[in-house]
Structure formats: structure tokens, C-alpha cells
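Each remark here refers to the structure printed beneath this line.
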Amino acid sequence: MSVNHIIEVQNLNFSYNNLPVLDNLTFSVEKGDYVGIIGPNGGGKTTLLKILVGLLKPQSGTIKIFGTDFQKLKNRSEIGYVPQRIAQESVEFPATVYEIVESGLITKKGLVGNISSADKEKINQALKMANIINLKDRLMSSLSGGQRQRVYVTRALVNDPKILILDEPFTGVDIISQKDFYSFLKNLNIREHLTILFVSHDIDTITEEIKTVLCLNRGMFCFGSKDIIHKENTIEELYGKNITHIHHSK
Ligand code: ADP
């Protein structure tokens, strides 16, 4: 493996029952990369992310993370994951921001409840990094969609991951908060050297933000510098000929 490759996927195939979704994917993500994953609904984006965090097992192919076969990976907490629509789910119980972030902590004993002072320090560090320390005693139910999303990213950051994977993090987040959120992610990528992969439908904005693009629609797959989005027929091939490509005004 190249020393710079943090994720290596080879000949990955995945089907649900007999429905093939991922067809022979091969790609490698470099340390410090910022990858936008695009493609139409049902194209397999969430499935790919779930495989990368170990929630689904592929039928065939290999995945190496930090050069180690995924199945043998000891420290999976080095991969932070923010699932789809989590910030839209109502929090029925009266949890505070601090408690939600704390719930992401994988303690050495594997038990939340034995929180050491070092763990508390980690929680506070993550809250500071995400710039939400002022919200720590607030109830989740009192926050906006954008603030909640930030809390869930903070929960993923609390174990000091090397890779952060987010599934449509901007759903339900207003435009102003989205801009804030993009600069927050960029900071994590540049200052904290986090490798970030995220799914988004906002092709125009992500091309400004990301370094690398992964396009996925069942049989179609491409991976490379974000410039491939602008090449020839990438978008038409990915979404079909009738897509209206909306350009945002700045
Ligand atoms: P995307 O994230 O790009 O919208 P998904 O990975 O969610 O795509 O889904 C890819 C395909 O797999 C879709 O056709 C979807 O209906 C199907 N699928 C997703 N999850 C399941 C499941 N648990 N069981 C069966 N089919 C599924």
C-alpha cells in the first residue's frame, strides 16, 4: 500500500438479497483528502458508507483502513460516522448537548458510565473544536437543525477519529448554517488533518469545497479529482439526460 492511502477498496461488490448495488468498486483515498460522494437516490451511496464503517459486510472484495484489513481493525473508533437524517430525528428524552456528545465516547472499558477526567477533557475538547461549548447544557430539543447536526458531528469527533464519514449532513440545515457547516468541515480537514468523506446532493457547492469526487450510480462509478464533474458527460451519465443542473448565485 502507498503510505498515504488511508482507505483502500478493491473489487468491492454488494447486493441486497439479489439486488446488486455496488459493482466491482476499486478506489483509494489519501490521508487528508476531502471526498464528496454524489449520485442519484438509490445509487448506493449510503450502502457504501455503511460498508466503510462496518455496518454492512460486502459479498466480495477487500477493504483496508490504515493499511489493515477491515475485519482485523482493532480501533474502529478511529472512523467517525454521522448517519443520514440523524439531526432530523426527534429526541424524545430530555438529553443535553453534553450528554449526546458523551454518548459517542468509547471508553477503554467500553462502558459509558465510567467516565474518567481524561474522558471529560476529551468531551470538552470536542465541544470547543466544534465551537458549541456554549450550548453544552442546552436540551437537544431546543436546538435548530444546523446546531443539532453540529452536535452529532461533535459526538463523532469525541474519540479523536482520523476519518470522518457523513451521510447527507446538510439535510434540514438552512443555507446560512450550511455555509458555517462547510467552513467547520474545511477547518477539520485542514487544521485537524481529518480525512473527510461525505454524501451531498449540492453538486455546485461541493465542487468548491472538496478535493476529490466519487460518483456512484449502480453500474456507474467514477473517482478522481473534482474536475471530472465538469468533464464531458459525467453529470448526465450519472443522473440521466434530463437533469436540470441548478447553479447557485453567490
Ligand atoms: P443512496 O444512498 O444512493 O440513495 P442506498 O445505498 O440507500 O442509495 O440504496 C441503494 C439501493 O439499495 C436502493 O435501490 C435501495 O432501495 C436498496 N436498499 C437500501 N437498503 C436496503 C435494504 N436494507 N434492503 C434492501 N434493499 C435496500
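Could you grab me the full set of residues in region 95-115 that are modelled with pLDDT under 85 and either surrounded by fewer than 15 Cβ atoms within 10 Å (Cβ to Cβ) or charged (D, E, K, R) (or both)?
106, 108, 109, 110, 111, 112, 113, 114, 115
For the subset of region 1-17 comprising residues that are more than 21 Å from the chain's Cα centre (by Cα) and more than 16 Å from the ligand (Cβ to nearest atom), which member is least open to solvent (accessible area, probe 1.4 Å)?
2
Restricting the search to region 27-47, which residues are open to solvent by less than 70 Å² (accessible area, probe 1.4 Å), more than 10 Å from the ligand (Cβ to nearest atom) and farther than 14 Å from residue 215 by Cβ?
28, 29, 32, 33, 34
Could you list, in sequence order, the residues of region 189-209 that are open to solvent by less than 40 Å² (accessible area, probe 1.4 Å) and at pLDDT below 90?
Answer for region 189-209, where residues must be open to solvent by less than 40 Å² (accessible area, probe 1.4 Å) and at pLDDT below 90: 200, 202, 203, 204, 205, 206, 207, 209.
Are there any pairs with C-beta distances below 7 angstrom linking a residue in region 125-148 that is in contact (Cβ under 8 Å) with a residue 60 or more places away in the chain to a residue that is open to solvent by less than 80 Å² (accessible area, probe 1.4 Å), with the two at least 6 apart or on different chains, and if so which?
Cβ pairs passing all conditions: 129/157; 148/87; 148/140.
Suppose we filter region 162-188 for residues that are open to solvent by less than 10 Å² (accessible area, probe 1.4 Å) and within 28 Å of residue 74 (Cα to Cα); how many remain?
Result for region 162-188: 8.
In region 131-233, which helices (runs of 4 or more DSSP H) lie fully inside it and hold 1 or more residues that are among the β-branched types (Val, Ile, Thr) and within 28 Å of residue 95 (Cα to Cα)?
145-157, 175-190
Quick one: in region 48-84, which of the residues that are within 16 Å of the ligand (Cβ to nearest atom) and charged (D, E, K, R) is surrounded by the most Cβ atoms within 10 Å (Cβ to Cβ)?
Here the answer is 50.
Out of everything in region 145-161 that is open to solvent by 50 Å² or more (accessible area, probe 1.4 Å) and out of contact with any Gly (no Cβ under 8 Å at 6 or more places or on another chain), what residue ends up being farthest from residue 31 (Cα to Cα)?
Per the stated criteria, the residue is 147.
Need the failing condition index for residue 20 against (1) within 16 Å of the ligand (Cβ to nearest atom); (2) within 14 Å of the chain's Cα centre (by Cα); (3) more than 28 Å from residue 100 (Cα to Cα), just the number.
Going through the list (1) within 16 Å of the ligand (Cβ to nearest atom); (2) within 14 Å of the chain's Cα centre (by Cα); (3) more than 28 Å from residue 100 (Cα to Cα), residue 20 breaks only (2).
So residue 90 ticks every box in (1) closer than 30 Å to residue 174 by Cβ; (2) of a type outside the set (D, E, K, R); (3) at pLDDT 90 or above; (4) not in a helix (DSSP H, G or I) but one. Which box is left unticked?
So the condition that residue 90 fails would be (3).
The values are calculated or read from the model by the stated rules, or taken from the named source; none is laboratory data. All values derive from a computational prediction rather than experimental measurement. Here the Cβ is made from the backbone with ideal geometry for all residues, glycine too, and neighbour counts use every protein chain on show. Surface accessibility is based on the protein's heavy atoms, side chains included, excluding ligands, DNA and RNA. Shrake-Rupley method; radii C 1.70, N 1.55, O 1.52, S 1.80 Å.
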